[in-house]
Amino acid sequence: MSDAALPDAADAAQRLRITEIFHSLQGEADAIGWRTVFVRLTGCPLRCVWCDTTYSFHGGEWRDIDAILAEVASYGARHVCVTGGEPLSQKRCLILLERLCDAGYEVSLETSGALDVSQVDARVRKVLDLKAPDSGESARNLWSNLEHLQAADQVKFVLASRADYDWARDVVASHDLAARCMPMFSPVQGTLAPRELADWIVADRLPVRFQMQLHKLLWNDSPGH
Ligand code: SF4
């Protein structure tokens, strides 16, 4: 390798493929309602049938991590959410997370639960989206990820049916999730009536948090929100 090639290699090591960076309100999880900068990484190896971010599967733009940090800083928000797609499908996501934490942000990571989270910076709040059967991707759940949960982390179940609900209820019980982190149940919009899910949770006295996605109520899930 020539000397001239070295700077290019170093630059490439600090780049990520980005679908969008935008400023909005956090629409879910425990930081719901906080003004937040979202960094959406391109790419996902899963294909959940109800996925609402299919536009992040392809395309995007290579961005230097320094440039990403500069754009994040320009919004003056305390919260940053790294999302996708599946952000961990790009290994350098781990560097971005560490740099954001070093810069003093409250950082959350939205991840599918299918890729290893063991190397994620301990300062990051992980939001692990375990896949219920109706997603078509439940075989991808990487159960060893549950060993890396911390008290501030959240496990999210997006549910499309009573069968999904029964599955999620059993997972919460068998892994004692309520004692280890915050389990959250959400309905798939337009598929499972929110009221029905809420009634099941109350009837079963489940130790889980019900949530509806704020950005869908406010902005009907349009990109950039
Ligand atoms: S893991 Fe997330 S981004 Fe990937 S297909 Fe499923 S819902 Fe969509």
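Overview of results
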item: Residue satisfying condition, being more than 18 Å from residue 91 (Cα to Cα), away from the ligand (no atom under 16 Å from the Cβ) and at pLDDT below 95, within set 178, 193, 151; result: 151
item: Looking only at segment 72-98, and only at residues there that are over 17 Å from the mean Cα position of the chain (by Cα) and closer than 20 Å to residue 27 by Cβ, the one that is surrounded by the most Cβ atoms within 10 Å (Cβ to Cβ); result: 72
item: Answer residue from segment 181-215, given it is of a type in the set (Lys, Arg) and surrounded by fewer than 16 Cβ atoms within 10 Å (Cβ to Cβ) and is nearest to residue 158 (Cα to Cα) among those; result: 195
item: Residues located in segment 94-144, provided they are assigned to a strand (DSSP E or B) and of a type in the set (Val, Ile, Thr); result: 107, 111, 127
item: Cβ pairs under 8 Å, 6+ apart, first in segment 91-108 and within 22 Å of residue 42 (Cβ to Cβ), second surrounded by fewer than 18 Cβ atoms within 10 Å (Cβ to Cβ) and among the small types (Gly, Ala, Ser); result: 92/13
item: Residue pairs meeting the criteria (Cβ under 6 Å; at least 6 apart or on separate chains; first touching a residue at least 40 places away in the same chain (Cβ under 8 Å), in segment 58-84; second more than 16 Å from the ligand (Cβ to nearest atom) and in a loop (DSSP other than H, G, I, E, B)); result: 64/14; 65/14; 79/31; 79/34; 80/105
item: Test: residue in segment 28-37 that is more than 30 Å from residue 209 (Cα to Cα) and crowded, with 19+ Cβ neighbours inside 10 Å; result: no
item: Residue 114 being within 13 Å of the ligand (Cβ to nearest atom) and out of contact with any strand residue (DSSP E or B) (no Cβ under 8 Å at 6 or more places or on another chain); result: yes
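The values are calculated or read from the model by the stated rules, or taken from the named source; none is laboratory data. Just so it is clear, the model here is predicted, and its values are computed rather than measured. Virtual Cβ from ideal backbone geometry, glycine too; neighbours counted across all protein chains shown.
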